[in-house]
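Down below is the structure, laid out as structure tokens.
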Amino acid sequence: QNSYKFVVAGGGAGGIGTAAALKRIYGKDATVAVIEPSQTQYYQPLWTLVGAGAVDFETSSQPMEKMIPKGCDWLQTKVETFHPESNSVVTSDGDKISYENLIVALGLELRFDMVEGLPEALHTDGVCSNYSAQTVKDTWKCLQSFEGGNALFTLPITPIKCLGAPQKIMYLADDYFRKSGVRDKASIQFCSALGVIFGVKKYAQELSKICEKRDLNLNFRHNLVKVNAAQRTATFDILNADGVSTGETKTMEYDMIHVTPPMSAPPALRQSTSLTDSKGFLDVHQYTLQHKRYPNVFGLGDCVNTPNGKTAAAVAGQLGVVMNNLYAYIYGKSMNASYDGYTSCPLVTSYGKCILAEFDYNAQPLETMPLNQGKERYFSYLVKKDILPEIYWTGLMKGSWYGPGTIRRILHLGMSK
Ligand code: FAD
């Protein structure tokens, strides 16, 4: 079969959630294809804890075969290019797949290649990254073998998924080094291309206090451009307040370095400019999530150009909006659902503590629980470690979790947005 009512591009958080919801809403007669090349699906948010040795890598994955919702066709291939003018996509097998409606959820491409020397440096002593399935286990090895010296944690200038993850692993490393008795021999450096520790004031204030108290050094406007594994050095481009290079560079020695790689929109999108903005991201209306030029195309997740924090939590908030507005579009009704930019970032600050940031497009807190989530709490750590993975596998991946909005309004007795 090469013609479907719905084609879903990508089988990650957004794609599988979408396919499951489509099957539930439109029933067995609606044809749905999921185009996804991978054999395995990962719950990536757990990788922060995998890197810190707090949970096993295996608990973060499921076979893709099990994830594809019943009744959907799994096309195990890649979208090579999109052709929205003819309502079709071409796959890397050369097949043309036509659709009535297209939902794009391709995530982000990790760009280790954008840092000179980094691809070669991966898997060498002291170099690790929680961001990929291939490198996350190296982080735990790095923490265990660290005997003191410089520990660097980087954050690039490009858009990335989970903006908090580059610093979460620093807090966990600090905690681990205290337990393993090497902390007084360590200098911990957070090297971020951005100018603030976090984009939401309420949480940024708490995190700054934690960094000060625990002697975690903050180096802002530092963008990693080169890693020399032989000499164990990392070179940073120093940026100005607009994020532009000043031409100045700084080289630091490392005994371990946790790299958050630059990221970009996936190649299939970058090569299909009729669907993207100038940066290669899917060009959708930020409130309706409908494509700006092709009304039968919707998008969600990391690959869309909405200005929210790119997380699985955001995917849940977007899924309900896409389902409601797609339905309205198909039946010629007005689209009433609006995405408020909801995203969440459980900022794990040690083994057993977490600040549970939740906020909207305006960087205003939008907390689910009627207590101050800006404080470090054990309960928030349990939410991150045990409750959210369960919600992901049994709620979002079944297409039935649209985020905590309703729970939030009930817990706040109707006083919250
Ligand atoms: P993905 O889940 O990445 O899925 C994209 C899919 O598209 C992949 O399966 C890929 O194989 C497929 N694909 C790519 N190209 C093609 C193609 N050409 N054709 C077909 N398929 C293609 N989120 C949180 O909510 N909370 C957290 O605490 C958190 N922490 C994180 C920590 C780390 C270390 C990482 C890496 C991520 C974290 N996230 C967190 C982010 C979260 O995992 C992502 O935001 C979420 O997975 C986005 O879903 P998505 O569907 O857009 O992309």
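Observations on the model:
- Within segment 312-334, the set of residues being within 16 Å of the ligand (Cβ to nearest atom) and open to solvent by 10 Å² or more (accessible area, probe 1.4 Å) comprises Ala312, Ala313, Gly317, Val321.
- Gly164 being open to solvent by 20 Å² or more (accessible area, probe 1.4 Å), among the small types (Gly, Ala, Ser) and either within 24 Å of Leu319 (Cα to Cα) or touching a residue at least 12 places away in the same chain (Cβ under 8 Å) (or both): no
- Output for segment 40-88, where each listed residue is assigned to a helix (DSSP H, G or I), within 26 Å of Ala268 (Cα to Cα) and more than 11 Å from the ligand (Cβ to nearest atom): Glu65, Lys66, Pro84, Glu85, Ser86
- Flag for Leu289 being within 12 Å of the ligand (Cβ to nearest atom), within 30 Å of Ala316 (Cα to Cα) and either open to solvent by 70 Å² or more (accessible area, probe 1.4 Å) or at pLDDT 95 or above (or both): no
- Residues in segment 144-166 include none that are within 28 Å of Ile355 (Cα to Cα), within 11 Å of the ligand (Cβ to nearest atom) and of a type in the set (S, T, N, Q).
- The lone exception for Tyr351 - which of (1) among the aromatic types (Phe, Trp, Tyr); (2) under 24 Å from Thr394 (Cβ atoms); (3) away from the ligand (no atom under 15 Å from the Cβ) it fails: (2)
- Selection status of Pro262, farther than 19 Å from Thr349 by Cα, out of contact with any Gly (no Cβ under 8 Å at 6 or more places or on another chain), surrounded by fewer than 19 Cβ atoms within 10 Å (Cβ to Cβ) and touching a residue at least 24 places away in the same chain (Cβ under 8 Å): no
- Where Arg270 falls short, out of the listed (1) touching a residue at least 24 places away in the same chain (Cβ under 8 Å); (2) over 28 Å from Lys168 (Cβ atoms); (3) surrounded by fewer than 21 Cβ atoms within 10 Å (Cβ to Cβ); (4) of a type outside the set (Ser, Thr, Tyr): (1)
- Leading residue by the ranking (farthest from Ala316 (Cα to Cα)) among those in segment 15-29 that are open to solvent by 10 Å² or more (accessible area, probe 1.4 Å) and in contact with a strand residue (DSSP E or B) (Cβ under 9 Å, 6 or more places away or on another chain): Asp29
- Residue within segment 19-27 that is assigned to a loop (DSSP other than H, G, I, E, B) and either farther than 18 Å from Val322 by Cα or touching a helix residue (DSSP H, G or I) at 6+ places or on another chain (Cβ under 9 Å) (or both) present: no
- Criterion (over 30 Å from Gly280 (Cα atoms) and either polar (S, T, N, Q) or under 24 Å from the mean Cα position of the chain (by Cα) (or both)) met by exactly one of Glu206, Glu147: Glu206
- The residues of segment 153-172 that are polar (S, T, N, Q) and in contact with a His (Cβ under 8 Å, 6 or more places away or on another chain) amount to a single one, Thr154.
- Lone unmet requirement of (1) touching a residue at least 60 places away in the same chain (Cβ under 8 Å); (2) within 13 Å of the ligand (Cβ to nearest atom) for Tyr4: (2)
- Test for Leu102: is it open to solvent by less than 40 Å² (accessible area, probe 1.4 Å), part of a strand (DSSP E or B) and touching a residue at least 12 places away in the same chain (Cβ under 8 Å): yes
- Within the set Glu248, Glu212, the sole residue that is more than 11 Å from the ligand (Cβ to nearest atom), out of contact with any Pro (no Cβ under 6 Å at 6 or more places or on another chain), over 22 Å from Gln44 (Cβ atoms) and in a helix (DSSP H, G or I) turns out to be Glu212.
- Within segment 390-417, the set of residues being part of a helix (DSSP H, G or I) and either closer than 14 Å to Glu367 by Cβ or among the small types (Gly, Ala, Ser) (or both) comprises Gly405, Ile407, Arg408, Arg409, Ile410, Leu411.
- Exactly one residue out of Asp138, Asp95, Asp125, Asp113 is acidic (Asp, Glu), surrounded by fewer than 18 Cβ atoms within 10 Å (Cβ to Cβ) and under 21 Å from the mean Cα position of the chain (by Cα), and it is Asp113.
- Residues (in contact (Cβ under 8 Å) with a residue 40 or more places away in the chain, buried (at least 16 other Cβ atoms within 10 Å of the Cβ) and in contact with a helix residue (DSSP H, G or I) (Cβ under 7 Å, 6 or more places away or on another chain)) located in segment 367-387: Thr368, Met369, Gly374, Lys385
The values are calculated or read from the model by the stated rules, or taken from the named source; none is laboratory data. Quick caveat, the model's predicted, so the values are computed rather than measured. Note that each Cβ is placed from the backbone with ideal geometry, even for glycine, and that neighbours are counted across all protein chains shown. In case anyone asks, the SASA skips ligands and DNA or RNA and just uses the protein heavy atoms, side chains included. Shrake-Rupley method; radii C 1.70, N 1.55, O 1.52, S 1.80 Å.
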